[in-house]
1. Using a 1.4 Å probe over the heavy atoms of the protein chains, calculate the carbon and sulfur portion of the accessible area of the range 10-110 as a whole percent.
2. Tabulate in residue order the Karplus-calculated ³J(HN,Hα) for the range 38-47, using 6.51 cos²θ - 1.76 cosθ + 1.60 with θ = phi - 60°, rounded to whole Hz; enter x for Gly and Pro.
3. Pull up all non-local amide H partners of Met71: gap of 5 or more, or a different chain, and H-to-H distance under 5 Å with H placed in the peptide plane.
4. What are the ³J(HN,Hα) values, in whole Hz, obtained from phi via the Karplus relation 6.51 cos²θ - 1.76 cosθ + 1.60 with θ = phi - 60°, for each residue of the range 48-58 in sequence order, with x given for Gly and Pro?
5. Using DSSP to define loop residues, name the trypsin sites (Lys or Arg not before Pro) in the range 1-96 whose beta-carbon has at most 11 other beta-carbon atoms within 10 Å.
6. Report the equivalent ellipsoid semi-axes for the range 4-67 in whole Å, largest first, defined as the square roots of five times the eigenvalues of the gyration tensor built from alpha carbon atoms.
7. Translational diffusion coefficient of the chain at 4 °C, 1.567 mPa s, Stokes-Einstein with Kirkwood Rh over Cα pairs, in µm²/s as a whole number.
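The values are calculated or read from the model by the stated rules, or taken from the named source; none is laboratory data. In this text the structure is predicted, and so the values were computed from the model without any measurement. Ideal geometry is used to build each Cβ from the backbone, glycine not excepted, and the neighbour counts take in all protein chains shown. The accessibility values were calculated without ligands, DNA or RNA, using every heavy atom of the protein model including side chains. Shrake-Rupley method; radii C 1.70, N 1.55, O 1.52, S 1.80 Å.
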Amino acid sequence: MPHPTVHSWGSDADKSALGAWMDAIATWASNRGRSIFYGEFGCTIAQTAATGRLEWYTQHRTQGLAHGFGMTAWDDQGNFPLINRTSYEWAAGIPTALGWNDARVEPRAL
């Protein structure tokens, strides 16, 4: 499965490759009567919003949920941040990319 790079992510080919990869995982799981937990997915800050970081999160969330996967995003307080641990503010665009459109969702509560 293609990983994001410092160059770009989000082309139709990128999205198609992600969908095909998830299709294969879902088929494997279905054939074995298993569920998938897609744990700790994340995109490094070397990828910016302009080069596809938020689209990467959005596509992984939407396609993962469409395949019925349980999911959690990764935040390592370093290169894969979702939350600023000093200000307790979300990284720009992350709540929307992860489908948390309710303004009441605050990092302190998580």
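1. 51 percent
2. Ordered by residue, 3J(HN,Hα) equals 8, x, 6, 7, x, 10, 4, 6, 5, 8 Hz.
3. Tyr38
4. Taking θ as phi minus 60°, the curve returns 9, 4, 5, 9, x, 4, 5, 5, 4, 4, 4 Hz for the range 48-58.
5. Arg32, Arg34, Arg85
6. Its equivalent ellipsoid spans semi-axes of 25, 12, 8 Å.
7. The Stokes-Einstein estimate is 88 µm²/s.
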